[in-house]
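The values are calculated or read from the model by the stated rules, or taken from the named source; none is laboratory data. Everything numeric in this text was worked out from a predicted model, so none of it was measured. Methodologically, a virtual Cβ is constructed for each residue, glycine included, from the backbone with ideal geometry; neighbour enumeration extends over all protein chains shown.
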Number of protein chains: 2
Amino acid sequence: MILVDEGVDVGVRSSGAGVRAVPPATVARLPGYLRALGALGDEGIVTTSSDELAERAGVSSAQLRKDLSFLGSYGRRGVGYEVAHLSEQVGVVLGLATQRRVVIVGIGNLGHALANYSGFAERGFAVVGLLDADPAVVGTTVAGLVVEPADELARVVEQRDVSIGVIAAPAHAAQRVCDALVDAGVSGILTFAPRALRVPDHVDVRAVDVASELQILAFHDARRSATGA
Amino acid sequence: MILVDEGVDVGVRSSGAGVRAVPPATVARLPGYLRALGALGDEGIVTTSSDELAERAGVSSAQLRKDLSFLGSYGRRGVGYEVAHLSEQVGVVLGLATQRRVVIVGIGNLGHALANYSGFAERGFAVVGLLDADPAVVGTTVAGLVVEPADELARVVEQRDVSIGVIAAPAHAAQRVCDALVDAGVSGILTFAPRALRVPDHVDVRAVDVASELQILAFHDARRSATGA
DNA sequence: TAGATTGTTAATCGATTAACAATC
DNA sequence: TAGATTGTTAATCGATTAACAATC
């Protein structure tokens, strides 16, 4: 079985009632809503509307309301949404009530950049381990953490209760690192290596491939040139 | 008008016949097929089947055949696909026949990592400019290029025929950089800043937000914990 | 009450899957 | 010819959009 993207469609407890499935497409947009809500909060805005929030998140207000309807009923007709409250609820649905612990495997240029990225902490994640296979890198300090040997992965994941692994290793090592993360027991993997990864059904993989993103842009650029724009 | 993702659905010339629309979902998978074809080629495999290629790309063979059918008819029934030929055709559809030139704006940790990433060149892109707003960074050499001042953007884009801009600047500067790229005339933008960007209809934006990816993984992790797995 | 805005319904649209006829 | 595998069709499924009744 091969999985590259998208996990299963699972339920969310809604206050007293039953369980509601949140569609994958909706889940994928929730972080954007959370971001927009954070910005509104920072600007001191207390109440917002589906129009305003949608505008900021870059979606239509119809889609925003539809998405939020899967989570429950957190607005007031005629009034709008309370920013702080909605923000908290979306956070709960995304499982950010508990902080998730993350390891980064592969401390090259990209691993360095990720380790130093402050957005992780700001948005609910703690980077608790950096690992690398290269003895020359092991022992160095990056972003306040000492890089540990890659073969310590199982111990690090278990002892520090890590649930998400980030793969910033070279493509040829990606599947090996992935297997090690799965064996160590993480439930989610974010990979930057340009390779499809094989994982068991219970593990969720998200893949970011920068060159693929550029190729998708190239497609549109090519059409544009061809049709003379 | 706000656009964060996905461009328009545009056509591809097929050998003699008319124009066929390639659905966005298909376009988004083409880079993965190209990658898998490259790997097959590297292994010296000359002919492949939809089963084999799909397995490597991490999709179903039905989906692969459906996707390829939008591009034209490049296989032989009973036989399969010639790796080199299919690879070339997919490349043509993605507009990789012409090399695209790229600038990176924001040479912090991430910009550094991107500038040094060899995958760009390997997959059809030339990084021809690095720009930063910080005078302390301007003038330094990164990945063989001298970092130029951000306000030289228009000149760099025009003189070096740049069609794609990569935003690796801080979130608060993202919209400003985006506007400058649009004014300079790029047709596609890849942004790593956690912000929805406003662009005119004729410009295509792809957004990579690492923390959002982790939040999506957190959602699945939370369901898993809740349902006791 | 009148105006505003949500939450939901129904219609539309696009994507995926399965099955198989065409054909090498 | 018999076996294999594509390309396409039709059915299913999921996502988006628009409109509006509910209600603050």
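Take the conditions (1) modelled with pLDDT of 95 or more; (2) within 14 Å of chain B (Cβ to nearest Cβ); A:Leu86 misses just one of them, which is (2). Would you confirm whether any residue within region A:134-150 is within 12 Å of chain B (Cβ to nearest Cβ) and under 18 Å from B:Ala113 (Cα atoms)? Yes, region A:134-150 contains at least one residue that is within 12 Å of chain B (Cβ to nearest Cβ) and under 18 Å from B:Ala113 (Cα atoms). A:Val93 meets the stated requirement of being touching a strand residue (DSSP E or B) at 6+ places or on another chain (Cβ under 7 Å) and within 16 Å of DNA strand D (Cβ to nearest atom).
Considering only residues in region B:57-78 that are in contact with a helix residue (DSSP H, G or I) (Cβ under 8 Å, 6 or more places away or on another chain), away from every other protein chain (no Cβ under 12 Å) and assigned to a loop (DSSP other than H, G, I, E, B), the one that is farthest from B:Ala36 (Cα to Cα) turns out to be B:Gly72.
Taking B:Leu94, is it crowded, with 20+ Cβ neighbours inside 10 Å, touching a helix residue (DSSP H, G or I) at 6+ places or on another chain (Cβ under 6 Å) and within 30 Å of B:Arg160 (Cα to Cα)? Yes, satisfied. Only one of the numbered conditions (1) in contact with a helix residue (DSSP H, G or I) (Cβ under 6 Å, 6 or more places away or on another chain); (2) closer than 16 Å to A:His85 by Cα is not met by A:Asp42, and that is (1). Would region B:211-224 turn up any residue that is more than 8 Å from chain A (Cβ to nearest Cβ) and farther than 22 Å from A:Ala121 by Cα? For region B:211-224, residues more than 8 Å from chain A (Cβ to nearest Cβ) and farther than 22 Å from A:Ala121 by Cα: absent.
Residues that are away from chain B (no Cβ under 12 Å), outside any helix (DSSP H, G or I), away from DNA strand C (no atom under 11 Å from the Cβ) and farther than 21 Å from A:Ile189 by Cβ do occur in region A:32-44. The number of residues in region A:67-117 being more than 16 Å from DNA strand C (Cβ to nearest atom) and over 25 Å from B:Gly119 (Cβ atoms) comes to 9.
B:Glu122 falls short of the stated requirement of being surrounded by fewer than 19 Cβ atoms within 10 Å (Cβ to Cβ) and in the same structural domain as B:Val27 (by TED's automatic domain parsing). A Cβ distance below 8 Å, combined with a sequence gap of six or more or placement on separate chains, defines the contacts here; from region A:205-229, residues that are in the same structural domain as A:Phe192 (by TED's automatic domain parsing) reach residues that are polar (S, T, N, Q) in the pairs A:Val205/A:Thr191; A:Arg206/A:Thr191; A:Ala207/A:Thr191; A:Val208/A:Thr191.
Here's the yes/no breakdown for (1) at pLDDT below 95; (2) surrounded by fewer than 16 Cβ atoms within 10 Å (Cβ to Cβ):
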| residue | (1), (2) |
| --- | --- |
| B:Val166 | no, no |
| B:Leu190 | no, no |
| B:Val199 | no, no |
| B:Val205 | no, no |
| B:Ala211 | no, no |
| B:Asp221 | yes, no |
| B:Ala226 | yes, yes |
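Of all the residues that make up region A:69-87, how many are within 11 Å of DNA strand D (Cβ to nearest atom) and either in contact with a Leu (Cβ under 8 Å, 6 or more places away or on another chain) or of a type outside the set (Val, Ile, Thr) (or both)? Residues in region A:69-87 being within 11 Å of DNA strand D (Cβ to nearest atom) and either in contact with a Leu (Cβ under 8 Å, 6 or more places away or on another chain) or of a type outside the set (Val, Ile, Thr) (or both): 8 in total. Within region B:53-62, being without any contact (Cβ under 8 Å) to a residue 24 or more places away in the chain and within 11 Å of DNA strand D (Cβ to nearest atom) holds for B:Ala54, B:Ser60, B:Ser61, B:Ala62. Residues in region A:103-115 include at least one that is within 14 Å of chain B (Cβ to nearest Cβ), away from DNA strand D (no atom under 16 Å from the Cβ) and of a type in the set (S, T, N, Q). Take the residues of region B:45-56 that are within 13 Å of another protein chain (Cβ to nearest Cβ) and surrounded by 14 or more Cβ atoms within 10 Å (Cβ to Cβ): which is nearest to DNA strand C (Cβ to nearest atom)? The qualifying residue nearest to DNA strand C (Cβ to nearest atom) is B:Ala54.
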